[in-house]
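Participant: Here you go, one structure.
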Amino acid sequence: MMPHRRHVLPVFAVLLAVTIVLPILAVIPVSFTPTSSFAISSPESWSPRWYRELLTNPVWLDSLVSSLRIALLAALVATVAGTMAALGLRRVRRTHRVVARALVTLPLLIPLVVLAVGLYAMLIRTQLVGTTAGFVLAHALLGLPLAFITVSASLDALDDNLEQASRGLGAGPVTTMRLIVLPLVAPGVIAGALFAFVVSFNEVVIAGFLGSPYLRTLPIEMYSSMTRSTDPTVAAAATFVAALTVITAAFALAAMSWRRRHLTRKD
Amino acid sequence: MQDLAQRGASIDLDGVHLSYGDTAVLRDIDLRIKGGEFMTLLGPSGSGKSTLLNLMGGFARANAGEVRVNGAQIDHLPPNRRDMGMVYQNYALFPHMTIADNIAYPLKRRKMSKSDRAALVRAALAMVDLHGFADRRPSQLSGGQQQRVAVARAIVFRPQILLMDEPLGALDKRLRDEMQSELRQLHEEVGSTVVFVTHDQEEAMVMSDRIAVMNGGRVEQVGTPHELYSRPRTTFVATFLGESTMLRGTVHAVGGQSIFHYRDTRVPVDGHDVTGSGTLLLRPEQIELSEDKPLRSTNVLEVRIENVESLGPTRRTKVTLPDGASGIVREPGSKTSRLRPGDTAWMSWQVGASWVVPEAQEECPHE
């Protein structure tokens, strides 16, 4: 007998969710293993041994700190630039705006390897390969379209008359930006910053090109560790990265839906 | 309680011209708005009325001409230094601020002390009947309440001029009627000059001291509602403000008197400097219909009844004129009539009711 149509969709949805989430969840039991091998352990024997390793071994710790530092700075640069681009492009003629928007969002569509090769060629001339500044610039380029898109979406939802009203009520352009525009697009700015942070923190390809023995990010350390040995610290790092990503993305999505709930009119 | 009363400022526009690229939006506008006056800019969409309002507020820049407030030129002033209250159709309340903060916004920009601010906000809220709403958010208020807040915010800093861009356009009919009289009353109380934009001729007639009828970027005519209704200078103004029957003919001067010719009918029209082709305009309530030919021979036309609508107090009859155009007659509902669609009847009117409009150079579409 055919299963009732009503049940097909939920079953499919659950299967899909499991398929997506299972590989991510699989690293958790590995990360808590008490042994030195990549074994899935049972919860009774779980130990924080590999997390301690992650946070005490200078090789792992340095790469983790580098990753955090680069991601924070890249997110900052990307968010400032993306917000300014989104604000500025509102006042530009339509044809120019379309071209500029396409340019800003291009890094999202170009294969990362292409971008990485190009960046490497440019940064090696300026001697920025293997430096935090080089990483920040490269990763900011990836975060820029994300910040630009989320801020643009917030701006599109902003009623133009609000700025006019503010001007008419006695506020200059700067005060209007500070008291009306920025507070109202803040959720978009925050969401953009969080997305840019995650993208930088998780990035492997460009980091592979720009890294040096003295400056490696966590994903690169994980990758090289995997190719060398079966150190369960990788699983601990992976769990850490996954948790950070999920939490950050959740905040980003919450920020975007907060705007929708609180700032749209009822009628 | 703080007093929000104010002496309204006069606004003068001289030869104002504004175009975007090749499109002229405002053409050569001269307009004098008296201090304390309720002036409505009335016109169809695209007539330039909102642009003209934005120009006064400093949100649009004229290519030529000048704007003066109380005689002083203000074209160079940015919007924030013009001291005009503005109300928008979609309210434009700041969604992230409470009602009190919205209303205090213009006061804070003017560096007013906290206690003065609080007193003025209270006075403004009282004026629009919204005490007790100070701590709510705009999204928690109904459309009518939001518009009241917007009005309070626009008057709280005692501007001499209030600009209103279709402020009642988003409200339903009942609420709109209510707000019309409230705004009228508010205007009496605060005394500011009000420039009010609308495309609704009834609203314009009810609210305004004077109306400037706009069409295609020009001011077609300025006058009191009564002047515009009974003495329109163009057919556009005539059709935009109410229904009318139009007889297209010619005016000849005969021995010091003007005679309007329409087919075989001759109507003396006095006090007109129109000669050549023109349109005799009759408002629906000025026309009488009868089944038999009236005794007098002038001011009488044979018409065919197209349809009859009974509207309770009045009866509205659509007729076909001898030249095929249609006319509208409105008679008291109490008057008995046996006229049915297809019947032939006679329409007549008082000579004094005749008003001739010169032939329009260009026929302008309207809504």
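Participant: Can you list the residues of region A:204-226 with backbone N under 16 Å from a point 7 Å past the Cα of residue A:72, pointing along Cα to Cβ?
Facilitator: Label zone hits: A:218.
Participant: So what are the radius of gyration and Dmax for the Cα set of region A:58-266, in Å?
Facilitator: 19.4, 67
Participant: Continuing with the same structure: Under 27 Å Cα to Cα from residue B:335, which lysines show up? Leave out anything in the same chain fewer than 8 places away.
Facilitator: B:293, B:318
Participant: Placing +1 on the Cβ of each Lys and Arg and -1 on the Cβ of each Asp and Glu in the protein assembly as shown, which of B:193, A:122, B:23 has its Cα farthest towards the positive end of the resulting dipole?
Facilitator: Of the options given, the answer is A:122.
Participant: How much of the accessible area of the protein assembly as shown, in percent, comes from carbon and sulfur atoms when a 1.4 Å probe is used?
Facilitator: 59
Participant: Taking only Cα atoms of region B:28-149, what ratio of Rg to Rh do you get with Rh as the Kirkwood inverse-distance radius?
Facilitator: 1.01
Participant: Sticking with this structure for a sec: Tell me, which residues of region B:134-168 get at least 20 Å² less accessible area when the other protein chains come in, versus the chain alone (1.4 Å probe)?
Facilitator: The answer is B:139, B:146, B:153 - residues whose exposure falls by at least 20 Å² when every protein chain is included.
Participant: Oh, and also: Could you give the dipole magnitude of region A:58-266 about its Cα centre, charging the beta-carbon of Lys and Arg +1 and that of Asp and Glu -1, in debye to the nearest 20?
Facilitator: Its charge dipole is roughly 820 debye.
Participant: So, one more: So, how do all the Cα-to-Cα distances of the protein assembly as shown break down into 20 Å bins, in percent, from 0 on up?
Facilitator: Using 20 Å bins, I get a P(r) of 15, 32, 27, 18, 8, 2, 0 for the protein assembly as shown.
Participant: Another question, if that's okay. So what's the back-of-envelope 222 nm ellipticity for chain B, counting only DSSP H runs of four-plus at -39500 (n - 2.57) apiece and dividing by all residues, rounded to 500?
Facilitator: -7000 deg cm²/dmol
Participant: Between helix B:173-190 and chain B, what is the angle of the helix's C-alpha long axis to the longest principal axis, kept within 0 to 90° and rounded to the nearest 10?
Facilitator: Once rounded, one gets 60 degrees.
Participant: Among B:105, B:91, B:229, which one shows the biggest mean-square fluctuation in a GNM of chain B, springs joining Cα atoms closer than 10 Å?
Facilitator: Of B:105, B:91, B:229, the Gaussian network model singles out B:105 as fluctuating most.
Participant: OK, next. Pick from B:240, B:59, B:157 the residue whose mean-square fluctuation is largest in a GNM of chain B, springs joining Cα atoms under 10 Å.
Facilitator: B:59
Participant: Still on this structure: Give me the extension gain from residue B:331 to residue B:209: residue separation times 0.36 nm, minus the current Cα-Cα distance, reported in nm with one decimal.
Facilitator: Full extension from residue B:331 to residue B:209 adds 41.1 nm.
Participant: Next question. To the nearest 20 debye, what is the magnitude of the charge dipole of chain B about its Cα centre, counting +1 on the Cβ of each Lys and Arg and -1 on the Cβ of each Asp and Glu?
Facilitator: 1100
Participant: So which chymotrypsin sites (Phe, Trp or Tyr not before Pro) in region A:1-76 pass both tests, a DSSP loop state and at most 15 other Cβ atoms within 10 Å of the Cβ?
Facilitator: For chymotrypsin sites (Phe, Trp or Tyr not before Pro) across region A:1-76 that sit outside H, G, I, E and B with at most 15 neighbouring Cβ atoms in 10 Å, the list reads A:38, A:46.
Participant: Let me ask another. How many percent of the alpha carbon pairs in chain B exceed a separation of 34 Å?
Facilitator: Above the 34 Å cut-off, chain B has 40 percent of its Cα pairs.
Participant: Which distance in Å, rounded to a whole number, links the C-alpha centroids of region B:1-64 and region A:137-166?
Facilitator: Answer, in whole Å: 33.
Participant: Heavy atoms only, probe 1.4 angstrom, no DNA, RNA or ligands counted: give me A:24, B:259 ranked by accessible area, highest first.
Facilitator: A:24, B:259
Participant: Which one, A:185, A:174, A:113, has the greatest fluctuation when you compute a Gaussian network model over chain A with C-alpha springs under 10 angstrom?
Facilitator: For chain A, modelled as a Gaussian network with Cα springs under 10 Å, the answer is A:174.
Participant: Kindly provide the helix-only [θ] at 222 nm of chain A, computed as the sum of -39,500 (n - 2.57) over DSSP H runs of four or more divided by all residues, to the nearest 500 deg cm²/dmol?
Facilitator: -25500 deg cm²/dmol
Participant: Would you mind getting the accessible area per residue of region A:58-266, heavy atoms of the protein chains only, 1.4 Å probe, in Å²?
Facilitator: Normalised by residue count, the accessible surface of region A:58-266 is 48 Å².
Participant: Tell me: how much accessible area in total is hidden between B and A, 1.4 Å probe, Å², nearest 100?
Facilitator: 2100
Participant: Ok, one more. Where does helix B:114-127 land angle-wise versus the long Cα axis of chain B, in degrees 0 to 90, nearest 10?
Facilitator: Between helix and principal axis, roughly 30 degrees.
Participant: Rg and Dmax in Å for region B:1-98, alpha carbons only: what are they?
Facilitator: For region B:1-98, the Cα-based Rg and Dmax read 14.9, 52 Å.
Participant: Suppose we compare each residue of region B:70-90 in its chain alone and in the full protein complex with a 1.4 Å probe; which ones drop by at least 10 Å² of accessible area?
Facilitator: Checking the loss per residue gives B:79, B:80, B:84, B:86, B:88, B:90.
Participant: Could you check the simple spin-label distance between residue A:127 and residue A:84, using points 7 Å along Cα→Cβ, in nm with one decimal?
Facilitator: 2.6
Participant: Right, another one. What is the distance in Å between the Cα centres of region A:192-235 and region B:236-286?
Facilitator: 88
Participant: Same structure, new question: Obtain the nm distance between the two label points defined at residue A:25 and residue A:205 by a simple spin-label model: each point lies 7 Å from its Cα along the Cα-to-C-beta direction.
Facilitator: Once both label points are built, they end up 3.0 nm from each other.
Participant: Calculate, for region B:88-129, the solvent-accessible area per residue in square angstrom, rolling a 1.4 angstrom probe over the heavy atoms of the protein chains.
Facilitator: Ligands and nucleic acids excluded, the figure is 40 Å² per residue.
Participant: Take the alpha-carbon centre of region B:298-323, take the same for region B:127-191, and report the distance between them in whole Å.
Facilitator: After rounding, the separation between the Cα centres reads 42 Å.
Participant: Then there is this: If you stretched the chain out fully between residue A:91 and residue A:254, how much longer would it get, using 0.36 nm times the residue separation minus the C-alpha to C-alpha distance?
Facilitator: Contour length minus Cα-Cα distance gives 55.8 nm.
Participant: Do any residues of region A:149-167 lose at least 50 Å² of accessible area when the full set of protein chains is present rather than just their chain alone, and if so which, with a 1.4 Å probe?
Facilitator: Buried by 50 Å² or more upon assembly, which counts only protein chains, are A:161, A:162, A:164, A:167.
Participant: If you fit an axis through the alpha-carbon atoms of helix A:233-263 and take the longest principal axis of the Cα set of chain A, what angle between them do you get, 0 to 90°, nearest 10?
Facilitator: Between the helix axis and the principal axis of chain A, the angle is about 20 degrees.
Participant: Within region B:207-249, list the residues whose amide N lies under 19 Å from a label point set 7 Å along Cα→Cβ of residue B:17.
Facilitator: Only B:215-220 pass the distance filter.
The values are calculated or read from the model by the stated rules, or taken from the named source; none is laboratory data. Remember, predicted model here, so these are calculated numbers, not experimental data. Cβ atoms come from the backbone with ideal geometry, glycine included; neighbour counts cover every protein chain shown. Ligands, DNA and RNA are excluded from the accessible area calculation, which covers all protein heavy atoms including side chains. Shrake-Rupley method; radii C 1.70, N 1.55, O 1.52, S 1.80 Å.
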